[in-house]
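Please treat every number below as a calculation from the coordinates, not as lab data. Quick caveat, the model's predicted, so the values are computed rather than measured. Heads up, the Cβs are rebuilt from the backbone with ideal geometry, glycines too, and the neighbour counts pull from every protein chain shown.
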Amino acid sequence: MSRLSQVRENGQQVAEAIAAALKMEVEIIDTDLVRVAGTGKVRGDVGTRLLRGLVNKHVLQTGQHVFINEPGYHPICLSCPLTGRCFYLAYIVYPIRVDESVIGTISLVAFDEQQKQTLSSNTESLIDFIGRMADLISSKVLEREMVQEKIVMANRLEAVVDSVYEGVVAIDQQGVITHFNRSAERMFGLKKNQVVGRELREYVTAIPLMEVLQDGKGFNSREVFLNLNGKKLHFLSTAKPIRANGDTIVGVVATFRDFSETQKLAYEIMTTQEMLTFDDIIGASKTIIEVKAKAKKIAGSNSTVLIVGESGTGKEVFARAIHAASPHGHKPFIAINCGAIPEHLLESELFGYEEGAFTGARRGGKPGKFELADGGTIFLDEIGNMSLYLQAKLLRVLQERQIERVGGTQVVPVDIRVVAATNSDLQDMVQKGLFREDLFYRLSVIPLVVPPLRERREDIPLLLGHYMRRFAKLLGKDIQGFTKEALRACTGYLWPGNVRELVNAVEYAINLEESQLITLESLPPRLREGVKRRSAAPQPTRIPTLDELEKEAISRALEEFGWSEEGKNRAAEALGISRATIYRKIQRYRLVPERRPPETLFIKD
């Protein structure tokens, strides 16, 4: 479509006005030699292409107007087959320009002698007049193209605004809504055609856009609370004034984001910074390799995991590694220590609360850890410290996969994996009525026992070397290893605090050590005292407890008959106990096959 054809109606109106005023005929031709407009004899040919159009071609090419007084005898007409028989008696052809381009021609045409006389006697004034008309048509083309460009830009802007996740609302100077994107429709529960063109105050008065319109001061990330159609809405909003001609405010545009989603996103960013994998679990002992292998196998499922182990053995590290290896590893990992939060606060931390649920509850309420972990993993550490009341609520979450906020009445579905951890004997707590039996079985779908450090002594040198290099780099020290005395002290120590205590001990030593080797004197006092106690005179014989005797008897029986299924059956028979009892005792005493520590490789004299 040519540029002139876009203003066909305007061109026809101009042509008819000229013809009526001058009593002459007019035709407008585009660059394809198609009549865009015409009057009189050529009116019926509008939309058709000129068969020859030599004069129009000449004007389109040269950009200069032409006056033909004797058609067929003008130099331009000599090659025309109608020479001397042209039905045009005289005509002026004038170029129509837009910027530097010729986009068509406008012609004054004489079809009878009277029109020819008028054209011949007033040639200069008519050329000037038709030139002005050409400019008029040119301006109409520019105007139309500018409008089209604005429409395209507006459509593009509308598409961009509709594609953004945030709700976008804009108002004009009178507070009338001019823009309401698809996300705003979803968030407010209103349709665009319902609100555009209506005043904002007809729907909501709590959105502070009118104050921005009045004072010209926008705001960033402000909490906004709305009650719309009986539904409570809680947004995080940013608003900016729209200015024209300097400081004149002609409207306001605001974005809205669901507050709970924003809070969840912020929590995800904070909690996913420490991404730990199975490679971060240091150890080459048989026991730790077996536990890692089992953890890798279960990582791909969505089943609940119960990690059992003493304090400091790295239960959370295993939980994070399981999460990272799962299909939802890119989703949030939310950890909460059930033993570190008072019971009256733990419920709202886990399940969230609604506005007004209790004194001090924030406006709009707050999502709990289960909501924040939606799609990912929630790690419940020290699960044995949870009250029976919260155990019942947790059991319901595990069964129904939905939570109910404190003070709320609506259930919120959650798609999460629960990984719990404890250093307590939950079976013993069940027998004492301190832990729900049904919850215990729900949690221990896949039990994972993390051995204490004293039961995997061969891993101690590897852990010492790993954390030595880590803290030496952090503290900018050139530490190359341990002396024999220091290493002997570390491998002979029982490490009641397990890996956590070992990490702290290495950091302590790196801070104090000034040479390239960690010496005995640089180790924490408790390790040095352990060396002294071991080298001192033998202590009086201590009478073992019944539990110690039982543990020793079971260990000796298992070492005698083996740790296979058949060996455990034979050991139980020899001890005079049932198969179920020996399995329970193995878990209670955390018994594992004995292993001898290998030679260390990085010791320096």
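Results, tabulated for the structure shown:
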| read-out | value |
| --- | --- |
| Square roots of 5 times each gyration tensor eigenvalue, C-alpha, the chain, largest first, Å | 91, 31, 23 |
| Formal net charge of residues neighbouring S578 (Cβ-Cβ distance under 14 Å; K, R +1; D, E -1) | +4 |
| Of K23/K140; K294/K315; K296/K331; K315/K366, those spanning more than 21 Å from alpha-carbon to alpha-carbon | K23/K140; K315/K366 |
| Cα gyration tensor shape of region 1-78, rounded if a/c is under 1.5, else prolate or oblate by comparing a/b with b/c | oblate |
| M146/V196 FRET efficiency (R0 22 Å; Cβ-Cβ; nearest 0.05) | 0.35 |
| Simple label model, 7 Å out from Cα along Cβ direction - A580 to R401, nm | 3.1 |
| Neighbourhood charge, 13 Å Cβ-Cβ cut-off, centred on M24 and excluding it, Lys, Arg +1 and Asp, Glu -1 | -2 |
| Interchain or long-range residues, amide H under 5 Å from V98's placed H | I103 |
| Relative contact order [Cα under 8 Å, 6+ residues apart], region 272-449, whole percent | 30 |
| Radius 13 Å from Cβ of P241, net charge of other residues (Lys, Arg +1; Asp, Glu -1) | -1 |
| Contact order normalised by residue count of the chain, Cα under 8 Å, 6+ apart, percent | 8 |
| Extension gain, M210 back to Q174 (0.36 nm per residue minus Cα-Cα distance, nm) | 12.1 nm |
| All-pairs Cα distance distribution in region 453-535, expressed in whole percent, bin size 10 Å | 19, 58, 22, 1 |
| Which of L558, L190 has the fewest Cβ neighbours within 10 Å, and the rest in rising order | L190, L558 |
| Between region 326-341 and region 476-526, the Cα center-to-center distance that results, in Å | 32 |
